[in-house]
Every structure is written in structure tokens, then in C-alpha cells.
Amino acid sequence: MTTSLSPVQEFLAERLGEAVLETHGFRGDATVVVARERVVDALREVRDEPWRFEVLVDLTAWDRYPAEPRFEVVYHLLSLKRRERLRIKTRVPGHDPTAPSAVSVFAGANWFEREVWDLFGIRFQGHPNLTRILMPDDWEGHPLRRDFPLTEEPVEFHGHVPKVPSQIVPRVGPAREDP
Amino acid sequence: MTLARETLTLNMGPQHPSTHGVLRLVLELEGEVVVNCQPVIGYLHTGIEKEMENRTYHQNIALVDRIEYLSSYHEELAYCMAVEKLLGVEVPKRAQYIRVLLCELNRIASHLVWLGTTGIDLNVSSLLMYCFRDRERILELSEMVSGQRMMPGYFRIGGVAADLPEEFTPAVRRFLEEFPRRLDEYEAMLTDNLIWRRRHEGVAVLSREDALAYGVTGPTLRGSGIPYDVRKAFPYSSYEEFEFDVPTGEHGDAYDRYRVRMEEMRQSRRIVLQALDRLPDGPVLTADRKVALPPRAELVRSMEAVIHQFKLVSEGVHPPKGEVYAAVESPRGEKGYYIVSDGSNRPVRVRVRAPSFSNLQALPAMVRGGMLADVVVAIASIDIVLGDVDR
């Protein structure tokens, strides 16, 4: 499955040395895993000439629970000049869910990082305004974590009986008699 | 004597007719000039990404339709492409062409909604009626192939659910024949209309630098003069075989975005015509029985087909361990799916890269220093779908 490394992967491996933990290409997606402390450096290195990965297309995370390090923060970059995509990842342990903020490199990282904080509870250090963005401000927990259950919220409708999704609602009222 | 300079904080939304959904803007005003703008989102958050982790790959097709509900075909295509990439499945040529055909019709329908709602925002209410009249024809075409006007659920992993019905092709041709005349009518009404131009020209300017920094894509990016289109840069579903132009603007104002979208509708028509002319024969679903259901006729003859059918219906597909990103050019920009698989029949993580989310993030940069009334134009010109922003 692993194909030969793309030039930008080789460049990062050489430039950051030990901080590049892993490089691979699965189904043609070039991926570089960088140590948490150096990930913003890596983003800055490839943003400028000659690589020009100047668009942060996406920034997200996923939870590897119960494995450790628990989280992976994923950056998808795009180079318009080279017509190429690059995925940079970094790993974040569950006992210390923090990562450096990329807002200084890409202004667009602002909302993405707020979303990751909101849904995964990863704190981005140096973020100007790390608040919840999708969930209500008084929400407890971070819903996209794997150990956050998928449940039904009680709502304030008249006659609504909260149920677990897989349960069948019991029929209310007397059974109809056949004439 | 000097007057104290004070700013006024104005809450626009979440229920406001020109926010195109449930969007709240906290505006800081000095007189009528916008000093700062802070979008507040999340009112339509439905947790679709979480929901998808608990369903099989196939079941999720029904969910993705509901994200960017004005362009469900693009949504399905992006999701199916990501799963197909994960599985390493080839999609038959005919299915690829059908997908292109429906996506481009869907783009026209989506742009017509944008044009009509922009008209409402700028008090050209008759425009909405005209646009919805045309859009209705496309929804009827969608109903013809999938049985649904919106949320079609028509694409499958490895192809499409069924072949096109016989009456579909002539109906599309009839629509496409009339459509340019309609577009000319709208352009005659708007493009050189003094009021329309004054409301659009020089309004909500987005510089190239800001557009790139915020990760803006789609017509909003192309309006700022950057010719990035996923269909050209990373061709998918046979787009490299179609001839079409990518229109761009110069100034990055609302008027350029208007011109870009109007031209895109004409280009989409071109693509649909080419797809109709060159529609190849053959199957519309992959023959890989580990991915797609066997045809009905085979079930009565072959025990193996019954087993495949049973496994697919009860368990679904099992992609190998890995992670992929696949993107399409939706009417609003780059719509991408990042899927992580652990080898089981449910994804570990499905991330929806929403174009409207990034485009909306650039809104404060567009409206700062402008007039309050132009905020309405700015929102209309980035064509947001709040279901896409909040997911």
C-alpha cells in the first residue's frame, strides 16, 4: 500500500528530522505525522516558497479511544501552484489534550480549532478566542469523543416520552376492539 | 466640544429573513458603518458526524443528503467517492457520466435558489418566482430518476441505484433547450440594471489574500480571481473528459460573484449536453459483489448471490483500515469527506469539510467598513447553506 514518498514528504522529513514520526501514502493521499511541538513549524515550512501549500482546506481531529496517544489532529493542505494535497497529522495524548494553535499561520484555522475544541475537547494553545462554536455554551462534555454516548435528548414537547433509540415505544391507551 | 464616539451593538438574527437560515450576526456599528461583525453559528447543529459513526457505510448515504440540502447529489458523490477510494473500487463509466449529469443539473438548481433568494434580499421578489419555476423542472427530473425531488439517495457505493428511465433524456433536452433563453431574460433584467449594479459593485470585497487565508472555495474564491475548481485541479468522475470553462472575477466584489455564478450555470448546461451526447452504454453499478448488491435476476439462480446479498444487507461493506480524503466541487465550493476506517463495517470518523463553514468565516473581512445594508448583500453573495455550516 505504501508508495514512494512525494518530494514534499522528503523535504519535511529532512527539514524536521526526528520530529517527523511517520510518512506514508495510502490510496495516493500523502501523509506526514509530525510531533506535537513542531507541527506549526511544519505548516509554516510548507506554506511558503517553493511549496506554497497556502490553503488550509480542513482542520479536524479524531478519537482513537481507547488507544494512546488518544487523539489525532489532522490538517489538510492544498497547493494551488503544484495542484497537490498534503495531510499533516499530529498526535495528542488523552491525559493532556492540548495542541499548538495554527491561527498565526492560517487565519482560517480559527473556527476549525474552535470546532475541534467544542467537539473533542482539545485545547489549542495560543488561540485568540477558544470558545464553543457548534454546541450551546453551557453544554457539558465533548460529543465527538468515542466515549460520549449517542443518546436521545429529552425535549419539552407535550406527551413526549424519552426513549433509548433501540427501544420500542409501548402503545398508550386501550387496544382497539374489532367490531 | 467633541461628541463621544460610541458604537452600537446590533443583533441580526438568528431569525432574520436575509440570513438564509438560522444565522446570528453580532454587529458593531458606528452610525450605519459596520465596525465589526461576529457570526454566531451552531443553531442547526444536528450531530450528523456523530450519527454516521454509528451506522454502516451504506446507511450513511441517507444522512449526507441532509447536510448541504440544496446540492444533495454533490454531497452523495463526495461521500461515495471517499468510500470507493477507501475500498479501491472502480465505478463503471456509465455511472460516472450519470453522476456528472445529475450533479451539474443540481448545480443549476442550487444556483437558481441563490439567484432567487438574492433577488428577495434586494427587493426583486418576482425573480424568486421565475427562478423557482425553472428549478421546479430540475426537481422533476430528479424525481424521475430517483423518486425524490430533494434528498434523492440515488448514488450508491460503486455506482448509482438504477439506470436512467427512458423519458429522462428527452425531458432534460427539453429543459436545456429553453434554459438559455431564461438565463438571458434574467441577465437582461439584472446585469446592467442600475440598482442591481449599485447594490453589488464594490460591495463586500474579498481580497485574494484573505480568500486564501480563510480557505474560501467555490464561486466566492473564483470571484476574487483565483481559478481554483476541484473539477479542473483534481478531476474526478471523468470530469477530465468534459469541456468547460472556469469563469473568474477580478475585483472580488459581490458583482463578480454574481457574474461567476451566472456563467457557471451556462457551463453546467454545456457539461450536461456533453454527458447526454456521449453517455456510454454498460452497467451502472460495479460488478464487485463485496461492494454492491447482485442484480435481482441472479438471486433466483445463484446461491453465492444470495450469500452476497445477505452479507451486504445485514453487515454492509468492510473497507480496509486506513484514512482517505475525497473532494468534489459543490455549488458552494470544495466539499470534502475525510473518512477513517478501522476495518469494521462502520466508519470510526467521518469528517465533512463544509465549504459554507470556511466561506462564512471570511464574512467579517467582507463587511468590515461597509454599510449595514450591504451585510445582506454579502451574506447572499457567499450563498451559504446553514445546514452545511452547522452539520
Here are some conditions: (1) in contact (Cβ under 8 Å) with a residue 60 or more places away in the chain; (2) within 14 Å of chain A (Cβ to nearest Cβ). B:E315 meets all but one. Which one does it not meet? (2)
Identify the residue in the range B:173-209 that is in contact with a Ser or Thr (Cβ under 8 Å, 6 or more places away or on another chain) and within 14 Å of another protein chain (Cβ to nearest Cβ) and, among all such residues, is surrounded by the fewest Cβ atoms within 10 Å (Cβ to Cβ). B:R208
Restricting the range A:90-113 to residues that are surrounded by 19 or more Cβ atoms within 10 Å (Cβ to Cβ) and of a type in the set (D, E, K, R), the one nearest to the chain's Cα centre (by Cα) turns out to be A:E113
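What residue, among those in the range A:14-37 that are of a type in the set (G, A, S) and either crowded, with 18+ Cβ neighbours inside 10 Å or within 11 Å of A:I88 (Cβ to Cβ) (or both), is modelled with the highest pLDDT? Walk me through how you get there before you give the answer.
Within the range A:14-37, the subset of a type in the set (G, A, S) is A:17, A:19, A:25, A:28, A:30, A:35.
Going one step further and asking which of them are either crowded, with 18+ Cβ neighbours inside 10 Å or within 11 Å of A:I88 (Cβ to Cβ) (or both), we end up with A:19, A:30.
Numbers: A:A19: 80, A:A30: 87.
Restricting to residues being of a type in the set (G, A, S) and either crowded, with 18+ Cβ neighbours inside 10 Å or within 11 Å of A:I88 (Cβ to Cβ) (or both), the top hit is A:A30.
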Restricting the search to the range A:91-121, which residues are away from chain B (no Cβ under 14 Å), within 19 Å of A:L144 (Cα to Cα) and not small (G, A, S)? A:V92, A:P93, A:H95, A:D96, A:P97, A:T98
Wholly enclosed strands (runs of 3 or more DSSP E) of the range A:1-71 bearing at least 3 residues within 19 Å of A:G108 (Cα to Cα) and within 14 Å of chain B (Cβ to nearest Cβ): A:55-63
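Among the candidates B:S356, B:S344, which residue alone is among the hydroxyl-bearing types (S, T, Y), surrounded by 22 or more Cβ atoms within 10 Å (Cβ to Cβ) and more than 9 Å from chain A (Cβ to nearest Cβ)?
Numbers: B:S344 fails: surrounded by 22 or more Cβ atoms within 10 Å (Cβ to Cβ).
It is B:S356.
For (1) of a type in the set (A, V, I, L, M, F, W, C); (2) modelled with pLDDT of 90 or more, each residue gets a yes or a no:
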{"residue": "B:D256", "(1), (2)": "no, yes"}
{"residue": "B:R261", "(1), (2)": "no, yes"}
{"residue": "B:R266", "(1), (2)": "no, yes"}
{"residue": "B:L276", "(1), (2)": "yes, yes"}
{"residue": "B:L279", "(1), (2)": "yes, yes"}
{"residue": "B:A292", "(1), (2)": "yes, no"}
{"residue": "B:R296", "(1), (2)": "no, no"}
{"residue": "B:M303", "(1), (2)": "yes, yes"}
{"residue": "B:F310", "(1), (2)": "yes, yes"}
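The values are calculated or read from the model by the stated rules, or taken from the named source; none is laboratory data. Just so it is clear, the structure is predicted and the values come from calculations on it, not from any experiment. As a convention, Cβ positions derive from the backbone with ideal geometry for all residues, glycine included, and neighbour counts pool all protein chains shown.
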